[in-house]
Amino acid sequence: MQMNTHYQDLKESYLFTDIAKRIRAFQEKHPDRDIIRMGIGDVTLPLPASCVSAMQEAAAEQGTQTGFHGYGPEQGYAFLREALAERYAKKGVTLQPNEIFISDGAKSDLGNLLDLFGKENTVVVPDPVYPVYVDTNIMAGRKIVYCNATKENGFLPLPDESCRGDLYYLCSPNNPTGAVYTKEGLKAWVDFALENDGVILFDAAYGSFITDSDLPASIYEIEGAEKCAIEVCSFSKMAGFTGTRCGWTVVPEALCRQGMSLNRMWLRRQTTKFNGVSYVVQKGAAAAFTPEGEKEMQANLAYYRENAVLLAELLKKKNIFFTGGAHSPYLWFKAPAGLSGWELFDRLLEEAGVVGTPGEGFGENGSGFFRLTAFSTHEKTAEAVKRLDALTWFHG
Ligand code: PLP
């Protein structure tokens, strides 16, 4: 018996267990103190009403002889792929529905896509990073090269000789930093990947938070990206589907390596290992693009954006360096007074009852930084801002 011993190379992630432990200890010591949780990366508003009715109708259809749907197409129903292609077209991006694959969310595809690539490839990930990119590659034993995201480059690293590889992960708007690449920034990566025969895995899970049409919400807004990039996206943060599960991945027809079409390979992979997302859920997801659904979805996004603005205003007022807060639900800031992220975590909990996420949880360059999220209520966000504002040492 040969086990995949690369699993032994994975570092245990204690981040959220550690956070929960510290909160529990605090609550035991101070049962009357009210805690405001600004650490979660999960949405809190309910699903758009149009998505709910569409799923109710689809579930009822499944109970009728004429409306029943058994196995669906592994790649996803045409109604949803066509709706997505239309949505891209509005941004000037032309995609054929057969270049779009419906998934049960971005996380699964980020891991599954690695089936297409040899184990000898070198993977380039930014530091700090969404840990899934790192762990999925450690599991396969791939070499990982880190590309430094720092205060100096605004947490938006550009390619250079130190970060040459085969597979490049980019996430914009970024988790955890909230930083968003401009078209010029993304173009530098696309050109670099094309010159080096590399492939970019572009995570656009937060693209719907972008409000400035000059900022790219899809990598295919960059010329040449269809020859070097796969885009992974999700209804999770866009339409509140974190618990309902639906996403999509774009693998362009033009993307070929070693004479192999990655679109054909992905289709083959999906038809072999995946049986599609449920009809009910795909109907719910498609309803987010109806005029009513779009209005409801945009209202939810606007609600979170307003929270982000409140937090950004506080950090500006306190003269604290930060990224994100605009075009993103995340705010990533330098811990005041030379504190580490964990020290800041303890002080904010103790003195303000506010919980965030220490930057150390996302990589070495996260050290001394802290992440707050806008996925809370207006009331709780305003209260957190008030409490942080009152801390005399909380400034840049
Ligand atoms: N990509 C990033 C950058 C994320 O932050 C998350 C979730 O937090 C995901 C992907 C996973 O999204 P999904 O819910 O679609 O699996």
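The values are calculated or read from the model by the stated rules, or taken from the named source; none is laboratory data. In this text the structure is predicted, and so the values were computed from the model without any measurement. Neighbour counts are summed over all protein chains in view; Cβ atoms, including those assigned to glycine, are modelled from backbone coordinates with ideal geometry.
Worth pointing out:
- Taking every residue in the range 85-108 that is of a type in the set (Asp, Glu) and pairing it with any residue that is part of a strand (DSSP E or B) and within 16 Å of the ligand (Cβ to nearest atom), at least 6 positions away or on another chain, the pairs with Cβ-Cβ distances below 6 Å are Glu99/Val250.
- Criterion: under 29 Å from Phe370 (Cα atoms) and among the acidic types (Asp, Glu) - qualifying residue of Asp127, Asp104: Asp127
- Scope the range 318-342; condition of a type in the set (Val, Ile, Thr) and either part of a helix (DSSP H, G or I) or over 23 Å from the mean Cα position of the chain (by Cα) (or both); matching residues: Ile320
- Those residues of the range 241-280 which are under 20 Å from the mean Cα position of the chain (by Cα) and crowded, with 20+ Cβ neighbours inside 10 Å, in sequence order: Phe241, Thr244, Cys246, Gly247, Trp248, Thr249, Val250, Val251, Val277
- Conditions (1) surrounded by 24 or more Cβ atoms within 10 Å (Cβ to Cβ); (2) within 16 Å of the ligand (Cβ to nearest atom); number of the one not met by Cys228: (2)
- Scanning the range 308-317 for residues that are part of a loop (DSSP other than H, G, I, E, B), outside the structural domain of Lys187 (by TED's automatic domain parsing), modelled with pLDDT of 95 or more and within 29 Å of Arg371 (Cα to Cα) turns up nothing.
- Per this entry, Glu74 is counted among residues that are more than 16 Å from the ligand (Cβ to nearest atom), more than 23 Å from the chain's Cα centre (by Cα) and part of a loop (DSSP other than H, G, I, E, B).
- Here Cys147 meets the list (1) over 18 Å from Val123 (Cα atoms); (2) buried (at least 22 other Cβ atoms within 10 Å of the Cβ) almost entirely, failing just condition (1).
- Glu306 passes every criterion in (1) surrounded by fewer than 20 Cβ atoms within 10 Å (Cβ to Cβ); (2) over 21 Å from the mean Cα position of the chain (by Cα); (3) of a type in the set (D, E, K, R) apart from (2).
- Residues that are in a helix (DSSP H, G or I), of a type in the set (Phe, Trp, Tyr) and either within 16 Å of the ligand (Cβ to nearest atom) or surrounded by 18 or more Cβ atoms within 10 Å (Cβ to Cβ) (or both) occur in the range 88-96; there is at least one.
- Boolean, Gln65 is more than 16 Å from the ligand (Cβ to nearest atom), in contact with a strand residue (DSSP E or B) (Cβ under 8 Å, 6 or more places away or on another chain), in the same structural domain as Ala285 (by TED's automatic domain parsing) and not aromatic (Phe, Trp, Tyr): no
- Pairs linking a residue in the range 243-262 that is near the ligand (Cβ under 10 Å from one of its atoms) to a residue that is among the basic types (Lys, Arg), with Cβ atoms under 9 Å and 6 or more positions apart or on different chains, are Gly247/Lys107; Trp248/Arg81.
- Total residues in the range 101-138 satisfying the condition of being surrounded by 23 or more Cβ atoms within 10 Å (Cβ to Cβ), more than 10 Å from the ligand (Cβ to nearest atom) and of a type in the set (S, T, N, Q): the figure is 1.
- Selected residue (only one of Ala288, Ala217, Ala204 is in contact with a strand residue (DSSP E or B) (Cβ under 9 Å, 6 or more places away or on another chain) and crowded, with 21+ Cβ neighbours inside 10 Å): Ala204
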